[in-house]
Amino acid sequence: DAGITQSPRHKVTETGTPVTLRCHQTENHRYMYWYRQDPGHGLRLIHYSYGVKDTDKGEVSDGYSVSRSKTEDFLLTLESATSSQTSVYFCAISVDRGSYGYTFGSGTRLTVV
Amino acid sequence: GQNIDQPTEMTATEGAIVQINCTYQTSGFNGLFWYQQHAGEAPTFLSYNVLDGLEEKGRFSSFLSRSKGYSYLLLKELQMKDSASYLCAVRGSNTGFQKLVFGTGTRLLVSP
């Protein structure tokens with residue numbers, strides 16, 4: 001398949017704890033993205049990366065940080081999880097400008113209790 | 001900023017044709033995408049339009065009018081497996097970087 005995996009697939013965590021979600025790709029794509037998906041809001045961009053150690057904020061970045069130390073891995077960290085961060089998180093990759101858009105990972109369902 | 005509108009929900013009958021509309025207002029435009037997302041799964045790429053006109057791919061077609069900020073996805077010969085959400089996404093050109101903005105999605109229910 002597309003060669004993008006997310007881990008874990010499901011996680012339940014307590015309010016105030018740090019959480020790290022991992023996205024791993026085997027496609028050697030330059031661009032990687034983290035989105036969250038919530039009912040009524042659609043997919044909203046949290047952070048994105050355009051190369052190793054090159055990252056930038058999206059529209060809903062408060063409370064989140066990212067790191068990309070290798071081309072294949074893009075980590076999303078919730079510094080201190082809150083109930084409002086309960087969501088489904090999708091990682092995506094893209095080659096560059098072109099007609100291919102994004103390829104998405106299978107998603108991580110995170111519940112903060 | 002960018003704003004993308006599409007209907008929340010639509011229903012149709014197996015074998016019929018359905019058209020899902022998407023209107024957008026963006027600062028710069030460099031392509032419109034349609035994705036399909038089944039419940040509990042990841043979005044998957046359906047179509048891409050960057051020039052005005054119709055792109056056909058099997059049972060699915062997508063149309064774009066840049067002057068009107070309008071696109072539609074046309075699904076023919078509907079099948080039960082087409083029950084899913086359909087996401088419209090626009091890539092702006094002002095950032096110099098490929099970044100998609102998504103609409104909230106249209107949930108399509110196909111009944112027998």
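For chain A, what does the equivalent ellipsoid look like in terms of its semi-axes, each the square root of 5 times an eigenvalue of the Cα gyration tensor, given largest first in whole Å?
Working through the eigenvalues yields semi-axes of 22, 14, 13 Å.
Which order do you get for A:Asp38, A:Asp62, A:Asp56 if you rank them by accessible area with a 1.4 Å probe, largest at the top?
A:Asp62, A:Asp56, A:Asp38
Out of the total accessible area of the protein assembly as shown (probe 1.4 Å, heavy atoms of protein only), what percent is carbon and sulfur?
Using a 1.4 Å probe with all protein chains present, the protein assembly as shown comes out at 48 percent carbon and sulfur.
Just to check, using Stokes-Einstein with a Kirkwood Rh over alpha carbon pairs, what's the diffusion coefficient of the protein assembly as shown at 25 °C and 0.890 mPa s in µm²/s?
Result for D is 136 µm²/s.
Taking amide H positions as placed 1.01 Å from N in the peptide plane, with prolines and chain starts having none, which residues 5 or more places from A:Ala81, or on another chain, fall under 5 Å of its amide H?
For A:Ala81, whose amide H was placed from the backbone, the distant partners under 5 Å are A:Gly16, A:Thr17, A:Val19.
Given the peptides A:103-109, B:60-66, B:4-10, arrange them by the average over their residues of other C-beta atoms within 10 Å, most packed first.
Put in order of decreasing packing, that is A:103-109, B:60-66, B:4-10.
For the protein assembly as shown, what does the accessible surface come to per residue with a 1.4 Å probe? Please give it in Å².
Each residue of the protein assembly as shown exposes 47 Å² on average to a 1.4 Å probe.
For q values of 0.13, 0.25 Å⁻¹, compute log₁₀ I(q)/I(0) with the Debye formula on a Cα-only model of segment B:1-88, without solvent.
-0.41, -1.40
Given a 1.4 Å probe and the protein chains all in place, what does the accessible area of A:His24 round to, in Å² to the nearest 10?
Here the accessible area works out near 50 Å².
Checking buried surface per residue: for segment A:22-58, which residues lose a minimum of 40 Å² accessible area in the protein assembly relative to the chain alone (1.4 Å probe)?
A:Leu43, A:Tyr48
Compute the relative contact order of chain B as a whole-number percentage, counting only Cα pairs closer than 8 Å that sit 6 or more residues apart in sequence.
Once divided by the residue count of chain B, the mean separation gives 37 percent.
What is the Cα centroid distance between segment A:1-69 and segment B:1-34, reported in whole angstrom?
Taking the Cα centre of each part, segment A:1-69 and segment B:1-34 sit 25 Å apart.
How many Å² of accessible surface get buried when B and A come together, counting both sides, probe radius 1.4 Å, rounded to the nearest 100?
The buried area between B and A, both sides summed, comes to about 1700 Å².
The values are calculated or read from the model by the stated rules, or taken from the named source; none is laboratory data. As the structure is a prediction and not an experimental result, all values here were calculated from the model. Every residue, glycine as well, gets a Cβ built from its backbone with ideal geometry; the counts of neighbours run over all protein chains shown. Remember, those area values only see protein heavy atoms, side chains included, never the ligands or the DNA or RNA. Shrake-Rupley method; radii C 1.70, N 1.55, O 1.52, S 1.80 Å.
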